[in-house]
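Novice: Below is a structure I'd like to ask you about.
The values are calculated or read from the model by the stated rules, or taken from the named source; none is laboratory data. None of these values were measured; they are calculated from a predicted model. Using ideal geometry, Cβ is built from the backbone for each residue, glycine included, and neighbour counts are taken over all protein chains shown.
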Amino acid sequence: MSKDFKGIEKYLQNWGNDIVNEAKDNASKFSKGGLGKNLKVSVKDDNGTWRITFTMPPYGEYIDKGVSGTEKKQHYIDVDMVNKISPFGYKKAAGHSQPPSSALDKWVVTRGIAPRTKKGRFMPRKSLDFLIARSIGKKGIKSKRWFTEPLALGLKELPIGFAKQFETAVEHLLTKK
């Protein structure tokens, strides 16, 4: 790539970094884990075509778009502001009708959830894990739009900023002797 177009690459990298930072802020509101920490952006020139790639943990898209339950469909709003049914879901017949109970154990502990039985004793944690997993399996997981929302806003700004950077690069090329 010509160094005249380095400004465009830098602009795209900054644009992607802004989206990543906004998404990390969103993720920190509901996730204490590595969801936001592991979100990254890279910009590469592929023979004059700039490629912007966002990478995130595998479960990031599930949280962003939600997961339909066996009894309730979950919806999300995409970058074009269109309401769609989540492409992910728990299935009754596939044997994956709910998340594994063991995956919720640490979450239950960190939230301090400890309900009591009718006799006043604490409910066994494994039972609680199972009940929460079953509820998630039936109702699904609502979309958080933690990544889609900043991306949609960023895509509105991209053409204006990109056009300015491109104009500057072309002017620089034309004024060279």
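Novice: Kindly evaluate Pro100 against the criterion of being in the same structural domain as Leu12 (by TED's automatic domain parsing) and either acidic (Asp, Glu) or under 30 Å from Lys126 (Cβ atoms) (or both).
Specialist: Considered against the rule, which asks whether it is in the same structural domain as Leu12 (by TED's automatic domain parsing) and either acidic (Asp, Glu) or under 30 Å from Lys126 (Cβ atoms) (or both), Pro100 comes out as no.
Novice: To continue, here is another question. Quick one: Val79 ticks every box in (1) part of a helix (DSSP H, G or I); (2) β-branched (Val, Ile, Thr); (3) touching a residue at least 40 places away in the same chain (Cβ under 8 Å) bar one, so which box is it?
Specialist: The failed condition is (1).
Novice: Can you name the residue in region 129-177 that is within 30 Å of Pro99 (Cβ to Cβ) and among the aromatic types (Phe, Trp, Tyr) and is also surrounded by the most Cβ atoms within 10 Å (Cβ to Cβ) among such residues?
Specialist: In this case the residue turns out to be Phe147.
Novice: Does Ala169 count as touching a residue at least 24 places away in the same chain (Cβ under 8 Å), more than 21 Å from Gly33 (Cα to Cα) and in contact with a Phe, Trp or Tyr (Cβ under 7 Å, 6 or more places away or on another chain)?
Specialist: Spelling it out, Ala169 is indeed touching a residue at least 24 places away in the same chain (Cβ under 8 Å), more than 21 Å from Gly33 (Cα to Cα) and in contact with a Phe, Trp or Tyr (Cβ under 7 Å, 6 or more places away or on another chain).
Novice: A further question follows. With the structure loaded, tell me whether Lys24 is surrounded by fewer than 15 Cβ atoms within 10 Å (Cβ to Cβ) and either without any contact (Cβ under 8 Å) to a residue 40 or more places away in the chain or more than 20 Å from Ser86 (Cβ to Cβ) (or both) or whether it fails that test.
Specialist: So Lys24 does not fit the description; no.
Novice: Please verify whether region 82-91 includes one or more residues that are in contact (Cβ under 8 Å) with a residue 40 or more places away in the chain and assigned to a helix (DSSP H, G or I).
Specialist: No; the residues of region 82-91 include none that is in contact (Cβ under 8 Å) with a residue 40 or more places away in the chain and assigned to a helix (DSSP H, G or I).
Novice: Something else now. Would you mind finding the one in Lys84, Lys73, Lys65 that is touching a strand residue (DSSP E or B) at 6+ places or on another chain (Cβ under 9 Å), at pLDDT 95 or above and surrounded by 15 or more Cβ atoms within 10 Å (Cβ to Cβ)?
Specialist: After ruling out the rest, the residue left standing is Lys65.
Novice: Residues of region 37-79 being outside the structural domain of Phe166 (by TED's automatic domain parsing) and more than 23 Å from Pro99 (Cβ to Cβ), which ones?
Specialist: Matches in region 37-79: Ile77, Asp78, Val79.
Novice: Scan (1) exposed (fewer than 11 other Cβ atoms within 10 Å of the Cβ); (2) at pLDDT 90 or above for the single condition Thr49 breaks and write down its number.
Specialist: Condition not satisfied by Thr49: (2).
Novice: Only one of Gly48, Gly69 is on the phi > 0 side of the Ramachandran plot and touching a residue at least 12 places away in the same chain (Cβ under 8 Å); which?
Specialist: Checking each option against the conditions leaves just Gly48.
Novice: Please go through region 11-38 and give me each residue that is in a helix (DSSP H, G or I), of a type in the set (A, V, I, L, M, F, W, C) and either touching a Ser or Thr at 6+ places or on another chain (Cβ under 7 Å) or under 23 Å from Val108 (Cα atoms) (or both), ordered by number.
Specialist: Ala27
Novice: Of all residues in region 102-156, which are part of a loop (DSSP other than H, G, I, E, B), touching a strand residue (DSSP E or B) at 6+ places or on another chain (Cβ under 7 Å) and farther than 19 Å from Ile85 by Cβ?
Specialist: Ala114, Met123
Novice: Any residue in region 74-85 that is touching a helix residue (DSSP H, G or I) at 6+ places or on another chain (Cβ under 6 Å) and farther than 26 Å from Thr53 by Cβ?
Specialist: Looking through region 74-85, none of the residues is touching a helix residue (DSSP H, G or I) at 6+ places or on another chain (Cβ under 6 Å) and farther than 26 Å from Thr53 by Cβ.
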